[in-house]
Amino acid sequence: MVKMVDIKKELGSSQTVMLVMPGTEYNETVVDTMKQLSGNICYVTANKTFDSLKELFVKNKVDVANVVFIDAISKSLKKVPDQGEGVYYVSSPGALTELALVVDKFLKHEFDYLVFDSVTNLVTYQKVDMCAKFLTSLVEKTKKTKTKAVFYAIGSVKKDPIIDKVAMYVDKVVESGGKVEVKSGVKGGSI
Amino acid sequence: MAKKILVVDDEEDIRTTVKAVLDKEGYEVKLAINGDDALKKWSSFKPDLILMDIMMPGTPVREIIPKMKGAKVAYLSVVRTSEAEKEDLMKSKNVVDFIQKPFDIKTLTTKVKKLVG
């Protein structure tokens, strides 16, 4: 059984956390994280479709009544409107400007939490440098609000360039399994 | 005569790796970088099977597939879909399989062998 991260505790002391996990622990970690977070959540997915996430959450009894999804996947796969009940669709995970505009709009609504799923999936659709620019800008924008953010990353620290780049900006990097890297709080610095 | 396979993926690493694996298995392999490129190459190459990434830049794959009348397509997908979505994607007569990325060489070769012999 996977040892789960106490994400609520982590977010209690750090506004932005990157949660790094192996692919095999993804489903379990995502479900557990959502069960821990209470309040209004904005869930950005560049990984699973909204329907697929909904299926996963319903199956695992995760309450998604207070969750608004931004789905960057479904529009490329099937015909969907710009928005549905509890979901806003973005044309593609590679459309970073469009994604940034939509997320900005949602950040203005002062959600309690922003969940970004995932940092590593984004690089499947765009160059690492472009993704890093988008993600670091998102971290900085989040820090100007009261919203706390969790950035999922599938892989491992020091092996994925995108994880390394984003790690320099988030307040804390937590590796599933217990390893924790605490940041100094200074942009670009670490202890 | 070797069976022909068209590998369509916007990621160069995937294209070259899949080609190397299938070349070794004795298939004749051609590559395309997206759906539009695949459409151009399909009519002249006439592949027995198309291995196509489900999400690529350019014209959406769901608009490309119906234009390839009679083609046999297996999707390659890094995206996780719901069961209902998968069923929906497989509804098209052309689509014969759905291969989840990442896949191992054995899974790929077994599936390809099953689909084209």
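The values are calculated or read from the model by the stated rules, or taken from the named source; none is laboratory data. All figures in this text were calculated on a predicted structure; none of them were measured in a lab. Here the Cβ is made from the backbone with ideal geometry for all residues, glycine too, and neighbour counts use every protein chain on show.
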When (1) within 12 Å of chain A (Cβ to nearest Cβ); (2) surrounded by 17 or more Cβ atoms within 10 Å (Cβ to Cβ); (3) closer than 29 Å to A:ASN27 by Cβ are applied to B:GLY35, the one that fails is (3)
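If I go through region B:57-69 residue by residue, how many of them are part of a loop (DSSP other than H, G, I, E, B) and within 14 Å of another protein chain (Cβ to nearest Cβ)? Before you say what the answer is, go through the steps one by one.
Step one: filter region B:57-69 for residues part of a loop (DSSP other than H, G, I, E, B), giving B:57-60, B:68-69.
Remaining after also requiring within 14 Å of another protein chain (Cβ to nearest Cβ): B:57-60.
Number satisfying all stated conditions: 4.
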Checked region B:60-80 for anything surrounded by 14 or more Cβ atoms within 10 Å (Cβ to Cβ), more than 11 Å from the chain's Cα centre (by Cα), at pLDDT 90 or above and not hydrophobic (A, V, I, L, M, F, W, C); matches are B:LYS67
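Of the residues B:ILE54, B:ILE99, which is modelled with pLDDT under 95, under 12 Å from the mean Cα position of the chain (by Cα), away from chain A (no Cβ under 13 Å) and surrounded by 14 or more Cβ atoms within 10 Å (Cβ to Cβ)?
Working: B:ILE54 fails: away from chain A (no Cβ under 13 Å).
None of the others qualify; the one that does is B:ILE99.
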The condition from (1) closer than 25 Å to B:SER77 by Cβ; (2) crowded, with 21+ Cβ neighbours inside 10 Å; (3) modelled with pLDDT of 95 or more that A:GLY94 misses is numbered (3)
A careful count of residues in region B:9-56 that are touching a residue at least 40 places away in the same chain (Cβ under 8 Å) and assigned to a helix (DSSP H, G or I) gives 5
query = Would you call A:LEU114 within 14 Å of another protein chain (Cβ to nearest Cβ), touching a Cys at 6+ places or on another chain (Cβ under 9 Å) and either of a type in the set (Val, Ile, Thr) or closer than 26 Å to A:ASN40 by Cα (or both)?
reply = no
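Could you tell me whether region A:15-27 includes any residue that is touching a residue at least 40 places away in the same chain (Cβ under 8 Å), assigned to a helix (DSSP H, G or I) and of a type in the set (S, T, N, Q)? Give the derivation first.
Step one: of region A:15-27, the residues touching a residue at least 40 places away in the same chain (Cβ under 8 Å) are A:15-23, A:25-26.
Within this subset, residues satisfying the condition of being assigned to a helix (DSSP H, G or I) are A:23, A:25-26.
From what is left, the residues that are of a type in the set (S, T, N, Q) are none.
Looking for residues that are touching a residue at least 40 places away in the same chain (Cβ under 8 Å), assigned to a helix (DSSP H, G or I) and of a type in the set (S, T, N, Q), one finds none in region A:15-27, hence no.
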Per the filter on region B:70-88, residues within 7 Å of chain A (Cβ to nearest Cβ) and in contact with a strand residue (DSSP E or B) (Cβ under 9 Å, 6 or more places away or on another chain) are B:VAL78, B:VAL79, B:ARG80, B:THR81, B:SER82
Counting only residues in region A:27-58 that are aliphatic (A, V, I, L, M) and more than 9 Å from chain B (Cβ to nearest Cβ), the one surrounded by the fewest Cβ atoms within 10 Å (Cβ to Cβ) is identified as A:VAL58
